[in-house]
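Here's the structure we're looking at; comments come further down.
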Ligand SMILES: CC(C)(COP(=O)(O)OP(=O)(O)OC[C@H]1O[C@@H](n2cnc3c(N)ncnc32)[C@H](O)[C@@H]1OP(=O)(O)O)[C@@H](O)C(=O)NCCC(=O)NCCS
């Protein structure tokens, strides 16, 4: 039988990492450029608008990125000199107690929440697994938070300002173990994103014309 020589697969040129905090001027510029591109490219898919965020000063961008309890992941394309081509953020319990949000009370009661927001992959790079990889990077981060074993994550990038006392933080007043949930809101007609979330283990929680989805993380 003839030997089939398989071509070498193209090396993975993407790196996913959390933006270090405090954010540098250069990271701030790269992130605001990426976010504005996302809002301009897919205006109907986000809760904010291009016009609103175009008016943000560097201080506003910085306060957003450096917010206690927030971590923002980016995808860097090393083949394009480290250009940022995707992003996703998590707002942990410390951030959610200080900022306005519309997470339904029924979900809030279910445990410690991590709100997944702002998932976006540049159209030229879609369909290559990057959306899934960003979401999984978030799960991995929450799992480390859950175990309180975050030595490999810089202190300033932790979702919780103080190191966690694992037992205290996981036991509710009634003695029950608290769940850790990643929660997100996605419009019902955003079929691509919904398919991605279902594939990554999210379940729907119906609420009017928008859909909340949750996934428990151990
Ligand atoms: C949603 C989005 C992040 C997906 O990014 P991506 O890198 O293309 O996603 P992946 O390649 O990781 O896809 C993972 C899975 O999601 C599903 N999926 C992704 N895009 C899809 C689409 N357009 N249609 C149907 N399923 C889709 C598939 O199940 C896919 O798995 P498969 O390739 O094995 O079939 C990207 O399309 C995007 O940025 N969209 C605009 C912004 C947006 O909708 N954000 C979410 C707001 S809640």
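Just so it is clear, none of the values below were taken in a lab; they were calculated from the coordinates. Everything numeric in this text was worked out from a predicted model, so none of it was measured. Cβ: placed from backbone, ideal geometry, glycine included. Neighbour counts: every protein chain shown.
What the table below lists for this structure:
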| quantity | calculated |
| --- | --- |
| At R0 = 41 Å, FRET efficiency that the Cβ-Cβ distance of residue 140 and residue 54 yields, to 0.05 | 0.80 |
| Sites residue 12 and residue 109, calculated FRET efficiency, Cβ-Cβ separation with R0 45 Å, nearest 0.05 | 0.65 |
| Cα gyration tensor category, rounded, prolate or oblate, for the range 65-138 with a/c compared to 1.5 | prolate |
| Virtual spin-label span in nm between residue 29 and residue 124, 7 Å along Cα→Cβ | 1.9 |
| The range 47-71 residues near the modelled residue 187 label - backbone nitrogen below 16 Å, point 7 Å along Cα→Cβ | 47-52 |
| Theoretical gain in end-to-end length, residue 203 to residue 99 [0.36 nm per residue, Cα-Cα removed] | 35.0 nm |
